[in-house]
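Below is the structure I would like to discuss, written out as structure tokens.
Read the figures in this text as sums done on the coordinates, not as results from a lab. These figures come from a predicted structure and were not determined experimentally.
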């Protein structure tokens with residue numbers, strides 16, 4: 001049995017959706033962000049020293065980092081279904097887009113969050129940098145999605161699970177209006193049965209919205 005330590009409104013959404021798509025037995029252990037600090041509760045540190053989510057327990061071992069967990073679960077349970085073959089032309093792009101979600105796109109999103117929280121969101125240098133980075137990255141992603149339902153090839157892959165969380169954040173802020181291919185992509189993903197099941201589970205686990 002896989003145990004997912006799931007923090008509300010976090011990257012753990014990626015893993016929740018992936019587990020639903022895989023159809024493997026799992027248990028989701030819920031954690032709630034602090035209402036004032038928005039940080040994870042300290043009891044998560046008893047599971048993993050970083051005290052962050054997602055964290056999974058599998059075969060008596062504990063793993064953190066959504067990118068690593070995504071690849072671990074796919075390699076174990078669906079290597080032929082949720083990733084291109086290693087010797088295929090698409091495999092390199094698969095790895096690129098998995099990394100893109102955290103290494104590139106997430107950075108300006110976090111900077112935007114932190115600068116507003118610190119009350120310096122109107123700093124000209126910061127706002128120009130963040131805006132420029134988002135525009136560059138989203139334009140690249142939008143162009144890459146033209147005429148496509150998935151980011152790699154013609155089927156769902158781990159790269160889609162990784163990108164989904166970033167794009168949910170942007171969509172919730174109304175920041176995808178200038179990127180029609182991304183909007184169509186997000187809409188398509190949101191209609192997948194496994195995605196809808198995951199969002200229903202997240203809604204039940206997230207007591208901050210109840």
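Indicate, rounded to the nearest 5 percent, the antiparallel portion of the DSSP beta bridges found entirely in the chain.
55 percent
For the range 46-110 and the range 111-178, what is the centre-to-centre distance using only Cα atoms, to the nearest Å?
19 Å
Could you work out the helix-only [θ] at 222 nm for the chain, with each DSSP H run of four or more residues adding -39,500 (n - 2.57) and the total divided by the number of residues, to the nearest 500 deg cm²/dmol?
-16000 deg cm²/dmol, from helical runs alone.
Which residue fluctuates most in the GNM of the chain (Cα springs below 10 Å): 38, 181, 48?
Looking only at 38, 181, 48, the biggest GNM fluctuation is shown by 38.
Could you give the length gained on full extension between residue 204 and residue 128, defined as 0.36 nm per residue of separation minus the Cα-Cα distance, in nm?
23.5 nm
Quick check: from the Cα gyration tensor, does the range 1-124 come out rounded (a/c under 1.5), prolate or oblate?
Note, shape of the range 1-124 comes out oblate.
Specify which labelled value, from (1) 46, 41, 36; (2) 52, 42, 34; (3) 49, 45, 29, agrees with Cα extents along the principal axes in Å derived from the coordinates of the model shown.
Label of the calculated value: (3).
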